[in-house]
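*Asks:* The structure's right below; bear with me while I get my questions together.
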Amino acid sequence: MYSFTVNGKLVETEKEVSLLRFLRDDLKLKSIKDGCSQGACGTCTIIIDGKATRACVMTTKRAEGMNIVSVEGLSDFEKEAFVYAFGSKGAVQCGFCIPGMVMSGKALIDRNPNPTENDIKEAIKGNVCRCTGYKKIIEGIDLAAQILRGDKKIDEELEKGDDFGVGSNAFRIDVRDKVLGIGEYVDDMELKDMLHVSAVRTKYPRARVLDIDFSEALALEGVVAVYTAEDVPNNKVGHIQQDWDVMIAKGDVTRCMGDAICLVVAESEEILKKAKALVKVEYEVLEPVRNITEAMAEGAGKVHPNGNLCQSRHVKRGDAKEAIANSKYTITETFDTPFTEHAFLEPECAIALPYKDGVKIYSTDQSVFDTRKEVAIMFGWDPSKVVVENKLVGGGFGGKEDVSVQHIAALCAYKLGRTVKAKFSRDESLAFHPKRHAMHGTFTLGCDENGIFTGLDCDIYFDTGAYASLCGPVLERACTHAVGPYCYQNHDIRGFGYYTNNPPAGAFRGFGVCQSEFALESIIDLLAEKVGISPWEIRYRNAIEPGKVLPNGQIADCSTALKETLEAVKEAYEANYPNVGLACAMKNAGVGVGLPDTGRAKLVVNDGVIEIYCGASDIGQGCATIFIQMAAETLNLPKSKFKNMGCNSELDPDSGTTSGSRQTLISGEAIRRVSLELKKDLDAAGGDLNKLNGKDYYAEYFEPTDKLGADVPFPKSHVAYGFATHLVVLDEDGKVKKVYAAHDSGKVVNPISIQGQIEGGVLMSLGYALTEDFKLQDCVPKSKYGTLGLMRATDIPEIEAIYVEKEELLGVAYGSKGIGEIATIPTAPAVQNAYYKRDGKLRPKLPMDDTYYTNKKKK
């Protein structure tokens with residue numbers, strides 16, 4: 001018998017298990033999150049005998065006699081201090097890391113009530129945050145310390161939110177639930193009579209499955225069923241191309257280490273683990289296709305029956321060949337960028353149950369309607385038979401666009417007529433979900449004697465891994481944005497996406513543009529050197545501005561403010577020269593390129609409160625708060641008069657996927673329009689909402705765009721573009737000292753939230769440039785969560801977010817444009833350019849060699 005104190009109560013147990021599992025499963029302390037179970041992420045941080053400790057590395061036996069505190073055990077005053085501090089500073093995005101951060105902060109404050117910034121960084125260096133860039137969390141812990149020692153007071157009116165319109169420092173609606181750990185992620189749900197399912201996955205990235213013997217597993221007491229490919233109505237899923245096997249059938253060939261061979265369903269996770277070990281699979285091991293070069297080679301093994309070319313794109317305007325031939329200066333360089341892991345803090349998890357004549361799925365994803373569509377394809381059903389409801393989503397960054405666990409939970413639930421939970425381990429997550437595409441690209445850029453760009457020619461090759469996922473759209477975005485945010489009309493860009501036996505690649509924040517812009521912005525500095533002007537000057541001379549024509553032929557709208565972002569960093573550029581690197585970027589807001597992209601919203605008045613229904617997933621970026629702000633602005637009502645109803649495919653109108661930096665603009669405009677409809681009735685009712693009880697309102701927003709290659713003089717590729725300039729400053733040791741991130745994102749709806757989005761994007765891009773390395777050996781992932789090279793709080797430089805707001809803005813969504821993706825794009829090339837300025841050495845491969853960070857690692 002082991003005994004210890006938990007939140008002031010003596011607890012006894014005979015189990016010798018992980019303390020994380022005991023606290024979550026037996027004591028139901030759901031604030032303690034399971035992010036990796038490997039001691040690497042810090043989401044399960046609790047306080048043991050006054051010290052911040054990761055619960056997953058402790059056992060009940062080792063905890064004997066100890067005093068344990070979780071968020072649930074904080075005093076009411078401490079809870080309020082952290083809720084207010086984290087909310088007012090914008091420290092909460094997806095929220096999955098936040099309870100662990102709170103406990104690390106609490107342990108620090110207990111021993112040091114007046115901590116410095118460096119003290120706080122050290123205290124949370126074991127806690128990963130992938131959303132915020134840590135800066136806001138550090139500020140939140142500092143403010144909490146000030147409140148707890150009596151130097152500052154809680155402003156209760158801020159959370160109440162009487163002033164909650166567009167442009168206000170809005171206290172996000174999900175802060176309290178996420179800080180206190182009472183908000184529900186799927187893994188926190190406790191449903192009656194729930195089964196557990198998990199896949200037996202392949203041992204080899206490419207092998208023929210000769211036999212599957214699950215007889216011993218099925219005979220184990222507590223095992224309910226074992227399913228193979230034969231049990232799936234349609235054994236193919238896929239976001240756009242249905243090329244992804246639900247399971248690899250006997251006689252077929254595996255394509256990557258994430259492939260499922262069979263599904264085991266059991267009464268408990270303990271039985272499930274034992275049963276999976278009893279499944280015997282016989283393989284004929286085959287030579288894998290390791291990279292793009294091998295995939296293109298004559299006689300290469302075919303990853304799919306139709307060959308290894310998954311997608312191609314050709315983006316052309318003008319005559320690039322002639323323009324480059326007549327250029328005064330040209331630069332040609334080849335670049336290689338790697339696969340990158342999203343590393344969201346919440347592993348994939350879904351619960352499915354029989355519902356009406358189909359299934360209902362509780363999920364963590366980026367579009368309940370896309371999940372509904374993919375699951376319906378697997379069943380061969382009308383999509384209406386599948387209902388998907390998002391619980392809180394612990395980060396995505398593109399990595400939760402494809403189905404992962406949702407369809408297997410749904411399959412088992414429907415077949416067995418019972419509730420079934422499917423959850424990835426962190427290693428399964430790393431092996432399964434699509435990564436950022438690895439790129440090999442050769443770019444040629446020309447300019448005249450004054451540095452004015454004349455033409456771009458490039459070949460872009462993407463490794464899309466085992467399955468298509470979003471290869472086509474990501475490749476397309478890489479090609480269309482390879483030209484950069486500049487004024488020239490000659491380009492010829494050829495893009496190819498190849499299948500290999502690596503983990504699949506798909507959507508990742510930046511959506512292909514991180515790769516192509518890294519190349520373009522790096523060679524721009526080389527051209528500036530030939531011309532004899534500064535990197536700042538060459539960009540300013542070529543920068544797009546309102547009324548001029550983008551390389552794709554689209555006329556830049558009135559809100560375009562690239563030059564203003566360059567001007568915003570000019571003083572810092574000159575003050576820190578030559579220890580600086582500069583890069584610009586543009587990124588579309590909205591899907592565009594002629595595809596349907598509609599925002600939809602419904603408002604229902606219920607007991608004097610306006611319920612907002614909009615099928616747009618909030619994955620941490622804060623769109624649920626933004627929607628209330630837009631409605632509050634339109635109706636001139638306080639936050640208390642609104643309730644966001646979450647995201648449910650049965651109740652909400654489909655407002656599209658959370659991708660393409662689209663929700664604030666596209667869904668936000670639908671919210672504004674439906675609010676205007678309600679306002680007419682509210683004005684007629686003398687402002688009395690109760691007179692409108694039971695009424696509902698609906699609106700859509702759709703703005704057509706032109707497809708890629710449309711035969712029109714000035715095609716409209718996207719509804720809007722955001723623009724940015726990032727400036728990286730190195731210290732004397734070559735360490736990134738500061739990043740200035742100037743952004744044109746139109747009207748800033750929530751200044752607190754946009755800061756955190758920019759800071760998080762910058763840090764993610766710094767990791768991409770300098771430290772992150774998703775290691776593969778013969779197509780087998782060799783990285784653990786703790787060895788991905790993610791930047792920690794002690795690694796962050798100073799980040800200064802600068803917003804450019806023009807007086808003349810777009811006439812939709814109060815002039816706002818997306819910020820989520822573009823924040824990740826310019827930093828990596830800016831870092832490369834800073835190092836190039838430092839030593840004259842081009843670093844065309846990521847993560848970069850011979851930097852402060854690699855040299856520090858070697859010591």
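FYI, it's all coordinate maths here, none of it is from the lab. Not measured: the values here are computed from a predicted model. Cβ coordinates were reconstructed from backbone atoms using ideal geometry, including for glycine residues, and neighbour counts include every protein chain displayed.
*Asks:* In what sequence, highest mean first, do 626-639, 672-685 appear when ranked by Cβ atoms within 10 angstrom?
*Replies:* In decreasing order of mean packing, 626-639, 672-685 become 626-639, 672-685.
*Asks:* Right, here's the next one. Under a straight-distance cross-link criterion of Cα-Cα below 13 Å, which aspartates and glutamates are reachable from residue 716, leaving out those fewer than 8 residues away in the same chain?
*Replies:* Excluding near neighbours in sequence, the set is 557, 703, 706.
*Asks:* If we sort 722-731, 40-49 on the protection proxy, mean other Cβ atoms within 10 Å, highest first, what's the order?
*Replies:* Ranking the peptides 722-731, 40-49 by packing returns 722-731, 40-49.
*Asks:* Next question. At 222 nm, what value in deg cm²/dmol follows for the chain if DSSP H runs of at least 4 each add -39500 (n - 2.57) and the sum is divided by all its residues, to the nearest 500?
*Replies:* -8500 deg cm²/dmol
*Asks:* Based on a Kirkwood Rh over C-alpha pairs, give the Stokes-Einstein translational diffusion coefficient of the stretch 581-651 at 37 °C and viscosity 0.692 mPa s in µm²/s.
*Replies:* Stokes-Einstein gives a translational diffusion coefficient of 229 µm²/s.
*Asks:* Restricting to Cα pairs below 8 Å that are 6+ residues apart, what does the relative contact order work out to for the chain? Please round to a whole percent.
*Replies:* 14 percent
*Asks:* Right, here's the next one. Could you work out the relative contact order of the stretch 599-701? I mean the mean sequence separation of Cα pairs under 8 Å and 6+ apart, divided by the number of residues, in percent.
*Replies:* Reported as a whole number, the value is 44 percent.
*Asks:* Direction-averaged shadow area of the convex hull around the Cα atoms of the stretch 1-184, nm²?
*Replies:* Answer in nm², one decimal: 10.2.
*Asks:* Rounded to the nearest 0.05, what FRET efficiency do residue 838 and residue 442 give with R0 = 22 Å and r taken as the Cβ-Cβ distance? Could you check?
*Replies:* Efficiency for this residue pair is about 0.30.
*Asks:* If you don't mind, another one. For the stretch 599-701, taking Cα atoms only, what is the radius of gyration to one decimal and the Dmax to the nearest whole Å?
*Replies:* Cα radius of gyration and Dmax of the stretch 599-701 are 12.6, 40 Å respectively.
*Asks:* With 10 angstrom as the radius, rank 66, 247 by how many other C-beta atoms surround their C-beta, starting from the fewest.
*Replies:* Listing 66, 247 from fewest to most nearby Cβ atoms yields 66, 247.
*Asks:* Run the reach check for residue 695 against aspartates and glutamates, Cα to Cα strictly under 17 Å, same-chain hits fewer than 8 apart removed. What comes back?
*Replies:* The qualifying aspartates and glutamates are 607, 611, 652, 677, 681, 683.
*Asks:* Here's something else I'd like to know. Which is farthest toward the positive dipole end of the chain among 238, 350, 484, measuring Cα position about the Cα centre, with Cβ charges +1 (Lys, Arg) and -1 (Asp, Glu)?
*Replies:* The Cα lying farthest towards the positive end belongs to 350.
*Asks:* In 5 Å bins starting at zero, report the fraction of Cα pairs in the stretch 733-842 per bin as a rounded %.
*Replies:* Over the stretch 733-842, the share of Cα pairs per 5 Å bin runs 2, 11, 18, 18, 16, 14, 10, 7, 4, 1, 0 percent.
*Asks:* Given the pairs 391/806; 51/160; 273/435; 391/641, which span a C-alpha to C-alpha distance of over 30 angstrom in this model?
*Replies:* With Cα atoms farther than 30 Å apart: 391/806; 51/160.
*Asks:* Which entry in (i) 2, 9, 14, 14, 12, 10, 10, 9, 7, 6, 4, 2, 1, 0; (ii) 2, 11, 18, 19, 15, 12, 10, 8, 4, 1, 0, 0, 0; (iii) 3, 13, 23, 26, 21, 11, 3, 0, 0 matches P(r) over Cα pairs in 10 Å bins from 0, in percent derived from the coordinates of this structure?
*Replies:* Here P(r) over Cα pairs in 10 Å bins from 0, in percent agrees with entry (iii).
*Asks:* Quick one: order 163, 357 by neighbouring beta-carbon count within 10 Å, fewest to most.
*Replies:* Listed from fewest to most nearby Cβ atoms, that is 357, 163.
*Asks:* Only bridges whose two residues both fall in the chain count here: according to DSSP, what percent of them are antiparallel, nearest 5?
*Replies:* 75 percent
*Asks:* Could you name the aspartates and glutamates whose alpha carbon sits less than 15 Å from that of residue 106, not counting residues in the same chain fewer than 8 places away?
*Replies:* Excluding near neighbours in sequence, the set is 49, 72, 76, 78, 80, 117, 119, 122, 139, 142.
*Asks:* Quick one: Cα centre-to-centre distance for the stretch 443-460 and the stretch 588-637, in angstrom?
*Replies:* Using only Cα atoms to place each centre, the spacing works out to 41 Å.
*Asks:* Between rounded, prolate and oblate, where does the stretch 9-72 land on the alpha carbon gyration tensor, with a ≥ b ≥ c its root eigenvalues, rounded for a/c under 1.5, else prolate if a/b exceeds b/c?
*Replies:* rounded
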